[in-house]
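Beneath this line is the structure, given in structure tokens, with notes to follow.
The values are calculated or read from the model by the stated rules, or taken from the named source; none is laboratory data. Note that the structure is a prediction, hence the values are computed from the model and not measured. Please note: Cβ atoms are built from the backbone with ideal geometry, for glycine as well, and neighbour counts cover all protein chains shown.
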Amino acid sequence: MKKLLAMLLLGAALVFGGCSTGINKTTTVSTDDVARQDDGVIILSGNVDEDTFKEFRALTLDGKDHYTIILMTNGGCGYNTVAIMNRIDTMQKAGVKFTMYITGHGFSAGSYIFMMGDERIMNRGSHLMWHTITGQIEADGKMYQLDKYPSRKAMLIGMDQYVVGMFEKRFPHVTKEWVHSTFWNSGRTFQSAQSALLMGIATKIVN
């Protein structure tokens, strides 16, 4: 019952773009969700929560010109996702390179962080999942609930427009029809490694 309640709370956080509440974590050592392993690779696993940006920033303060990040996540907090994307974009403008890997799945926030990579590598059998917060709410038939809170709705639309705009900036060759169908007219669109490679979203498939 406790596990079911936790899953329901996470689902609500995903739908309404909030951040789940968790225990505070230090930014100076590896954590359960964001960790640097012995080979220098950063792994972002679990859910993107309110501490993920803080942890990610702490692990990218060492002045390296290249980072390799493995993503294994269902997604999570929209605010932290935008913050991580901005962190990567700012670092790239300063000449830092990022290699992103999806070894199993990178859904929602995981897909958006993945797309920020200079090189984007997926293993066979792995998947992305694309959507927007408002697109999911619309597909679930719950937009009437959000209509009660116009300022919140405007904020969520603003975040959605940012991440979709970043997608279009990074993949200008992808048709407007696909973007509209995937982000604004679908609750969730799953994409295989093979499809992502064909569309130029992934740059390589390994194994």
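Structure above, values below:
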| quantity | calculated |
| --- | --- |
| Condition check for residue 69: without any contact (Cβ under 8 Å) to a residue 60 or more places away in the chain, surrounded by 16 or more Cβ atoms within 10 Å (Cβ to Cβ), more than 12 Å from the chain's Cα centre (by Cα) and closer than 28 Å to residue 195 by Cβ | yes |
| Residue check for residue 93: of a type outside the set (S, T, N, Q) and either at pLDDT 95 or above or under 23 Å from residue 198 (Cα atoms) (or both) | yes |
| The range 88-105 - residue that is outside any helix (DSSP H, G or I) and of a type outside the set (A, V, I, L, M, F, W, C) and, of those, farthest from residue 206 (Cα to Cα) | 95 |
| From 187, 141, 158, 165, residue being on the phi > 0 side of the Ramachandran plot and either surrounded by 14 or more Cβ atoms within 10 Å (Cβ to Cβ) or of a type outside the set (A, V, I, L, M) (or both) | 141 |
| Any helices (runs of 4 or more DSSP H) falling wholly within the range 106-193 and containing at least 1 residues that are at pLDDT 95 or above and either more than 21 Å from residue 80 (Cα to Cα) or aromatic (Phe, Trp, Tyr) (or both) | 109-115, 150-170, 176-179 |
| Verdict on residue 85 being part of a helix (DSSP H, G or I) and closer than 22 Å to residue 159 by Cβ | yes |
| Residues of the range 36-64 satisfying the condition of being part of a loop (DSSP other than H, G, I, E, B) and of a type in the set (D, E, K, R) | 38, 39, 49, 50, 51, 62, 64 |
| Matching residues in the range 194-207 - criterion: being farther than 24 Å from residue 77 by Cα, in a helix (DSSP H, G or I) and among the aliphatic types (A, V, I, L, M) | 197, 198 |
| Long-range neighbours under 8 Å by Cβ, at least six apart or interchain, first residue more than 16 Å from residue 185 (Cβ to Cβ) within the range 135-155, second basic (Lys, Arg) and assigned to a helix (DSSP H, G or I) | 146/152; 146/153; 147/153 |
| Filtered residue count, the range 34-58, keeping only those that are crowded, with 21+ Cβ neighbours inside 10 Å and either aliphatic (A, V, I, L, M) or not assigned by TED's automatic domain parsing to the domain that holds residue 81 (or both) | 3 |
| Checklist (1) among the acidic types (Asp, Glu); (2) modelled with pLDDT of 95 or more; (3) assigned to a loop (DSSP other than H, G, I, E, B) applied to residue 32, failing item | (2) |
